[in-house]
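**Q** Got a structure for you, questions after.
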Amino acid sequence: MTRPPRLVFAGTPEFAVPCLAACRAGGAEVVAVYTQPDRPAGRGRRLAASPVKQAALAAGLPVEQPESLKSAEAQQRLRAYAPDLLVVVAYGLILPRAVLAIPPLGCWNVHASLLPRWRGAAPIQRAILAGDSETGVCLMRMEAGLDTGPVLLERRTPIASDDTGGSLHDRLAALGAEALAEGLARVRRGETLAPAPQPEAGVTYAHKLDKAEARLDFAEPAAALARKVRAFDPWPVAEAEIAGERLRVFAAQPLPARAAAAPGTLLAAGKDGLDIATGDGVLRITELQRAGGRRIRAADYLNARPELRAR
């Protein structure tokens, strides 16, 4: 392509913002940004613009916020922008076949996993929960199925033992922008990206997170509980009943020790943390939050509950 491609970008959360920036920095002509309608947020439940909308308005880009892309009117409005390419990053709306057929260069999607593992809504957290040692991002050519299209480019990264949902989110957002920038640069050079069909083996689905999942069941192994704490930081944040109090748990680690006590029993409480018996091993909680309080270290929590130190 001798001229910069006309591009429509579709995305909603913070994860998509680096990719929007990559489109603009890469010389593409971003003719419109699609994002979900403003939603109530915060304690006042006031309507709030998505992070992508905020970034688009700051850049002076036209913003579209249809409730759906299924109507002929919405599809005609998109068609009127005459995009060469549609880039979709965590948009949150299903694209009908008619929409996928609009751009001559097709529709690209940046997905936060190494496909076909973790197709779906919550690939970052599911990878941590499963104990995966590696994840990454895929630049994929979209088709009608859920994250089933062929992969154009990928970037890989190890999952560290201290990675949280938040830290991995930020790293993958940056990697996604890198992959997208490379894809756009190659298109501008006139190259054709070779699509690699996803293998049929290894397909897994990353179902949407449910707040109920964040409740820690101490009958589970300590290692699994520690992964849950990491995966659900910063949202929805793990919760547990500990020493008669409901607490939010932000940091924990499994200990090799064995406990004969029933799961959920507080075994010890000191400056290093709260040690809880589990179905397999001991979970040491090191950062937590009381109702209405702020995130604190376990040692600070014990200053408010000194009676626990005697255990």
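**Q** Go through segment 9-38 residue by residue and tally those that are within 14 Å of VAL110 (Cα to Cα) and buried (at least 16 other Cβ atoms within 10 Å of the Cβ).
**A** 14
**Q** Just to verify a result, which residue in segment 238-269, among those that are touching a residue at least 24 places away in the same chain (Cβ under 8 Å) and over 15 Å from LEU283 (Cα atoms), is surrounded by the fewest Cβ atoms within 10 Å (Cβ to Cβ)?
**A** For segment 238-269, the residue satisfying everything is ARG246.
**Q** If you take the residues of segment 148-162 that are part of a loop (DSSP other than H, G, I, E, B) and free of Cβ contacts under 8 Å to residues at least 60 places away in the same chain, which of them is surrounded by the fewest Cβ atoms within 10 Å (Cβ to Cβ)?
**A** Only one residue tops the list, namely SER161.
**Q** Additional query: Only one of these is in contact with a Leu (Cβ under 7 Å, 6 or more places away or on another chain) and not aliphatic (A, V, I, L, M): PRO221, PRO236. Name it.
**A** Step by step, each of PRO221, PRO236 is checked, and only PRO236 is in contact with a Leu (Cβ under 7 Å, 6 or more places away or on another chain) and not aliphatic (A, V, I, L, M).
**Q** Still on this structure, please answer the following. Evaluate the following for GLU239: is it part of a strand (DSSP E or B) and under 20 Å from ALA160 (Cβ atoms)?
**A** no
**Q** For segment 39-73: of the residues being aliphatic (A, V, I, L, M) and in contact (Cβ under 8 Å) with a residue 24 or more places away in the chain, which is farthest from CYS19 (Cα to Cα)?
**A** Once the filter is applied, the top-ranked residue is LEU69.
**Q** Quick check: is even one residue across segment 13-26 without any contact (Cβ under 8 Å) to a residue 24 or more places away in the chain, not in a strand (DSSP E or B) and not hydroxyl-bearing (Ser, Thr, Tyr)?
**A** No, every residue in segment 13-26 fails to be without any contact (Cβ under 8 Å) to a residue 24 or more places away in the chain, not in a strand (DSSP E or B) and not hydroxyl-bearing (Ser, Thr, Tyr).
**Q** Among the numbered criteria (1) surrounded by fewer than 17 Cβ atoms within 10 Å (Cβ to Cβ); (2) under 25 Å from ARG3 (Cα atoms), which one does ALA41 miss?
**A** (2)
**Q** Right, another one. Tell me which residues, restricted to segment 35-53, are outside any loop (DSSP other than H, G, I, E, B) and more than 18 Å from VAL87 (Cβ to Cβ).
**A** Correct list: ARG39, PRO40, ALA41, ARG46, LEU47, ALA48.
**Q** Turning to a different aspect of this structure: Please tell me if ARG117 is of a type in the set (Lys, Arg), in contact with a Gly (Cβ under 8 Å, 6 or more places away or on another chain), modelled with pLDDT of 95 or more and in the same structural domain as PRO158 (by TED's automatic domain parsing).
**A** So ARG117 fits the description; yes.
Each row is one residue, and each column tells you yes or no for (1) under 22 Å from HIS169 (Cβ atoms); (2) not small (Gly, Ala, Ser).
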position: GLN36; (1), (2): yes, yes
position: ALA58; (1), (2): yes, no
position: PRO66; (1), (2): no, yes
position: ARG77; (1), (2): no, yes
position: VAL88; (1), (2): yes, yes
position: LEU93; (1), (2): yes, yes
position: LEU100; (1), (2): no, yes
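**Q** Another question about this same structure. Check ALA219, ALA185, ALA226, ALA194 and return the single one that is part of a helix (DSSP H, G or I) and loosely packed, with under 15 Cβ neighbours inside 10 Å.
**A** Just a single option satisfies the conditions, and that option is ALA185.
**Q** Right, here's the next one. Taking GLU178 as meeting all but one of (1) among the charged types (D, E, K, R); (2) crowded, with 16+ Cβ neighbours inside 10 Å; (3) over 30 Å from LEU105 (Cα atoms), write down the number of the exception.
**A** It fails just one condition, (3).
**Q** Yes or no: ALA55 surrounded by fewer than 20 Cβ atoms within 10 Å (Cβ to Cβ), under 29 Å from SER167 (Cα atoms), among the hydrophobic types (A, V, I, L, M, F, W, C) and in contact with a helix residue (DSSP H, G or I) (Cβ under 8 Å, 6 or more places away or on another chain)?
**A** When the stated conditions are applied, ALA55 does not pass them.
The values are calculated or read from the model by the stated rules, or taken from the named source; none is laboratory data. Note that this is a predicted model, so its numbers are computed, not measured. Every residue, glycine as well, gets a Cβ built from its backbone with ideal geometry; the counts of neighbours run over all protein chains shown.
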